[in-house]
There are 2 protein chains.
Amino acid sequence: MMSDTHIVLAHGNGGRYMRELIDAVFACHLGNPYLDTRADAVSVPMPAKQIVITTDSFTVRPLEFPGGDIGSLAVHGTVNDLAVCGARPLYLTLNVLLEEGLELAQLDRIIASLGHAARQAGTAVVAGDTKVVPRGEGGGIYLGSTGVGIRPDDVRLGMRYIRPGDALLVSGPVGDHGVAVMLAREQFGLTGEVCSDSASVLPLTERLLNLPGLRFMRDPTRGGLATVAHESCQGARLALTLNQAAIPVRETVASVCEMLGYDPLYLACEGRVVAAVAADEASAALAAWRALPEGRQAAVIGEFVDGLPQVVLRTPLGGERLLEELEDDPLPRIC
Amino acid sequence: MMSDTHIVLAHGNGGRYMRELIDAVFACHLGNPYLDTRADAVSVPMPAKQIVITTDSFTVRPLEFPGGDIGSLAVHGTVNDLAVCGARPLYLTLNVLLEEGLELAQLDRIIASLGHAARQAGTAVVAGDTKVVPRGEGGGIYLGSTGVGIRPDDVRLGMRYIRPGDALLVSGPVGDHGVAVMLAREQFGLTGEVCSDSASVLPLTERLLNLPGLRFMRDPTRGGLATVAHESCQGARLALTLNQAAIPVRETVASVCEMLGYDPLYLACEGRVVAAVAADEASAALAAWRALPEGRQAAVIGEFVDGLPQVVLRTPLGGERLLEELEDDPLPRIC
């Protein structure tokens, strides 16, 4: 028997129930002039020749958490991957995997949130696909989103442009998303006031694009700041010294991490940017970020130096230790 | 403890194990000048201004079946959605959801098959994302693929261009993919010789693009030929008469369907095209398809006529019945 309130397998079969679900939920919240839910593919205008493409998948649990949900996250994750490359997102496509038994009201909330996030980032979902998997073979909702954007021809960003002496900046406190999701799972017997930082970083990245000394940007998601630090010094073939005292971490995040034995440097952010900037432009970059509400706590946190590609953490007491590359997973299904 | 032979959660954490998996499997099989597994997004050249975008998700079970696997299917499904719009696929992106415990050897076979299918279709995977979900929360592998293609400015295809008198053609036997997957599940105690028709339909679609009377093409995947028939007569606001005796169905497919109570018209194909063509060009279209190995069994199977948008099936004995829109799902996880 069909259900009016929960997902059933027939919502994924290509027939009438599927068509009605697409209309009631997806076309309703994501409608825009290009989206055609009856078409195999859509044609879109493209104003420039240098296009940039990225894709990301989302499996976060719980599906809704303080500060966001899997829907807004699927927009932010993909928009941010384009933003840190210096691109402006134009179009998104969406893959939706629903598990039989999902409550339709929750699906509706999440897709509404996704549509809102897409509009806020100035982009539109132009194509999508929905599949339903049998109960027990999914995680409620899994999403995939692909982004297509354009980039000015003169933008040259990459780890290979980093030079000795360049500064490393972060746009705000790290670990908020990881801790917010962890607390929302309620499996640790802790509750907290930490909200995910899930947000579009376009305002942050666009402010730095006019700096000739901007070398490289990345959003520290899975694997956190530590992973971006490792990737950038490997890509630059330089050592990186991080000043631990300068890295912004909220007090609640620090204390939850201490209680549970996590290091906030390895926890995912979903609305922060890490940028490498020439030394003589570091203070201009910092000022540009701090002038924005989302960059108020931005900080210069490190410096690239000649040496083996490794990350040296300078502790508040003046000691030094190597920051290891992430190996075992502290928190699955964080994004 | 880490496993060398099966997927563990740490393969999805953004750290070292994930980097090694991406290099060993994905970069190995999908390598091309644009793919940069270290980048957030990649820049690609785009030779025309009219670009076409599509996306699709894949949850087929079993992951490997006679005639294909989830990897080649993820290429064919997305390439075919572009092809039936008259576009040539240029770039693919790939979302990969792996379940903890998946055998690495199987992942390697499937991604190798995906890379082969992409090269055969003249396209390249330029971006990807991999997530690992805990054991019991996935189906082994789920894939999502997004395709970006270009289309000549003068191609005008759509259900709204269909006129009374237009012919409906199908490029080959229907139901092969559905029956091949069903038999591969071994849950019916039947074995058969049916192979999936999973293939790129680009050779078929490109042969028709020079016909001025070509109105509309679609690949009959989920919901099968019956669903495309319904969609096209609803989009055209015309009735469609299908000649049952003319619809090609393999003997093995027909007998398996009869035994299990399925109708092959509702079963998924993954390498067929349905096309609406002006009456006076139907025989030219048929001849063009029959000249290709993949179109040898093409047939004219119906005609659009004035009337309410419904599908009338003319039976071999001269009777007529309405073909219903698909409601309950005969076969979940078929694509």
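Which of the residues belonging to the range A:73-120 are closer than 29 Å to A:SER3 by Cα, in contact with a strand residue (DSSP E or B) (Cβ under 8 Å, 6 or more places away or on another chain), open to solvent by 10 Å² or more (accessible area, probe 1.4 Å) and touching a residue at least 60 places away in the same chain (Cβ under 8 Å)?
A:GLU99, A:GLU100, A:GLY101, A:LEU102, A:GLU103, A:LEU104
Condition test on A:TYR17, is it in a loop (DSSP other than H, G, I, E, B), of a type in the set (Phe, Trp, Tyr) and within 13 Å of chain B (Cβ to nearest Cβ)? Before the answer, list the steps.
Details: in a loop (DSSP other than H, G, I, E, B): no; of a type in the set (Phe, Trp, Tyr): yes; within 13 Å of chain B (Cβ to nearest Cβ): yes.
No.
Pull up the range A:208-230, narrow it to residues that are of a type in the set (S, T, N, Q) and at the interface with chain B (Cβ under 10 Å from one of its Cβ atoms), then point me to the one that is most open to solvent (accessible area, probe 1.4 Å).
A:THR221
Would you be able to say whether some residue in the range A:38-55 is in contact with an Asp or Glu (Cβ under 7 Å, 6 or more places away or on another chain) and hydroxyl-bearing (Ser, Thr, Tyr)? Outline the logic, then answer.
Our first condition is that a residue be in contact with an Asp or Glu (Cβ under 7 Å, 6 or more places away or on another chain); within the range A:38-55, this holds for A:38, A:40-42, A:50, A:54-55.
Next, from what is left, pick out any that are hydroxyl-bearing (Ser, Thr, Tyr): A:54-55.
Yes.
Check whether at least one residue in the range A:73-90 is of a type in the set (D, E, K, R), more than 26 Å from the chain's Cα centre (by Cα), farther than 16 Å from A:LEU143 by Cα and outside the structural domain of A:LEU209 (by TED's automatic domain parsing), and report yes or no.
Scanning the range A:73-90, I find no residue that is of a type in the set (D, E, K, R), more than 26 Å from the chain's Cα centre (by Cα), farther than 16 Å from A:LEU143 by Cα and outside the structural domain of A:LEU209 (by TED's automatic domain parsing), so the answer is no.
Could you count how many residues in the range A:29-60 are surrounded by fewer than 18 Cβ atoms within 10 Å (Cβ to Cβ), closer than 15 Å to A:THR130 by Cα and more than 7 Å from chain B (Cβ to nearest Cβ)?
2
Determine the pairs where a residue that is free of Cβ contacts under 8 Å to residues at least 40 places away in the same chain, located within the range A:179-206, has a partner that is in a helix (DSSP H, G or I) with Cβ atoms under 9 Å apart, the partner being 6 or more residues away or on another chain.
Short answer, once both residue conditions are applied: A:THR191/A:LEU183.
Within the group B:GLY175, B:GLY115, B:GLY165, B:GLY122, which residue is within 17 Å of B:GLY271 (Cα to Cα), in contact with a helix residue (DSSP H, G or I) (Cβ under 6 Å, 6 or more places away or on another chain) and at pLDDT 90 or above?
On inspection, the qualifying residue turns out to be B:GLY175.
Here are B:VAL201, B:VAL179, B:VAL228, B:VAL256: which of them is in the same structural domain as B:VAL274 (by TED's automatic domain parsing) and touching a strand residue (DSSP E or B) at 6+ places or on another chain (Cβ under 6 Å)?
Matching residue, one of B:VAL201, B:VAL179, B:VAL228, B:VAL256: B:VAL228.
What strands (runs of 3 or more DSSP E), lying completely within the range A:98-207, carry at least 2 residues that are within 13 Å of chain B (Cβ to nearest Cβ) and among the aliphatic types (A, V, I, L, M)?
Ranges flagged: A:124-133, A:141-150.
Restricting attention to the range B:231-274, which residues are among the polar types (S, T, N, Q) and open to solvent by 20 Å² or more (accessible area, probe 1.4 Å)?
B:GLN234, B:THR241, B:ASN243, B:GLN244, B:THR252, B:SER255 - these are the residues of the range B:231-274 that are among the polar types (S, T, N, Q) and open to solvent by 20 Å² or more (accessible area, probe 1.4 Å).
Picking from A:PRO152, A:PRO203, A:PRO164, which residue would you name as being surrounded by fewer than 23 Cβ atoms within 10 Å (Cβ to Cβ) and over 21 Å from A:LEU92 (Cβ atoms)?
Answer to the selection: A:PRO164.
Just give me the residues in the range B:277-304 being open to solvent by less than 20 Å² (accessible area, probe 1.4 Å) and in a helix (DSSP H, G or I), in sequence order.
B:ALA282, B:ALA285, B:ALA288, B:TRP289, B:GLY295
Limited to the range B:286-335, what total is found for residues that are in contact with a Ser or Thr (Cβ under 8 Å, 6 or more places away or on another chain), within 14 Å of chain A (Cβ to nearest Cβ) and over 18 Å from B:LEU240 (Cβ atoms)?
Qualifying residue count for the region: 2.
Would you check which residues across the range B:233-276 are part of a helix (DSSP H, G or I) and within 10 Å of chain A (Cβ to nearest Cβ) and list them?
Once the filter is applied, which keeps residues that are part of a helix (DSSP H, G or I) and within 10 Å of chain A (Cβ to nearest Cβ), the range B:233-276 yields B:GLN234, B:GLY235, B:TYR266.
Criterion first (in contact (Cβ under 8 Å) with a residue 24 or more places away in the chain, surrounded by 24 or more Cβ atoms within 10 Å (Cβ to Cβ) and touching an Asp or Glu at 6+ places or on another chain (Cβ under 7 Å)) does B:VAL126 satisfy it? Reasoning before the result, please.
On the way: in contact (Cβ under 8 Å) with a residue 24 or more places away in the chain: yes; surrounded by 24 or more Cβ atoms within 10 Å (Cβ to Cβ): yes; touching an Asp or Glu at 6+ places or on another chain (Cβ under 7 Å): no.
So B:VAL126 fails the test.
If I ask for residues that are open to solvent by less than 30 Å² (accessible area, probe 1.4 Å) and over 17 Å from B:VAL228 (Cβ atoms), which ones from the range A:13-26 would you list?
The answer is A:LEU21, A:VAL25, A:PHE26.
A:ASP328: under 18 Å from A:GLY175 (Cβ atoms) and open to solvent by 70 Å² or more (accessible area, probe 1.4 Å), yes or no?
So A:ASP328 fits the description; yes.
Which one of these is modelled with pLDDT under 95 and β-branched (Val, Ile, Thr): B:ILE247, B:ILE334? Steps first, please.
Values: B:ILE247 fails: modelled with pLDDT under 95.
Answer to the check: B:ILE334.
Residues that are of a type in the set (Val, Ile, Thr), closer than 28 Å to B:ASP69 by Cβ and at pLDDT 95 or above: does the range B:300-307 have at least one?
For the range B:300-307, residues of a type in the set (Val, Ile, Thr), closer than 28 Å to B:ASP69 by Cβ and at pLDDT 95 or above: absent.
With respect to B:VAL60, is the statement that it is in a loop (DSSP other than H, G, I, E, B) and among the hydrophobic types (A, V, I, L, M, F, W, C) true? Walk me through how you get there before you give the answer.
Values: in a loop (DSSP other than H, G, I, E, B): yes; among the hydrophobic types (A, V, I, L, M, F, W, C): yes.
Judged against the criteria, B:VAL60 is a match.
The values are calculated or read from the model by the stated rules, or taken from the named source; none is laboratory data. What you are looking at is a predicted structure, and each value in this text was computed from that prediction instead of being measured. Here the Cβ is made from the backbone with ideal geometry for all residues, glycine too, and neighbour counts use every protein chain on show. For the accessible areas, the whole protein counts, side chains as well, though only heavy atoms, and no ligand, DNA or RNA atoms are used. Shrake-Rupley method; radii C 1.70, N 1.55, O 1.52, S 1.80 Å.
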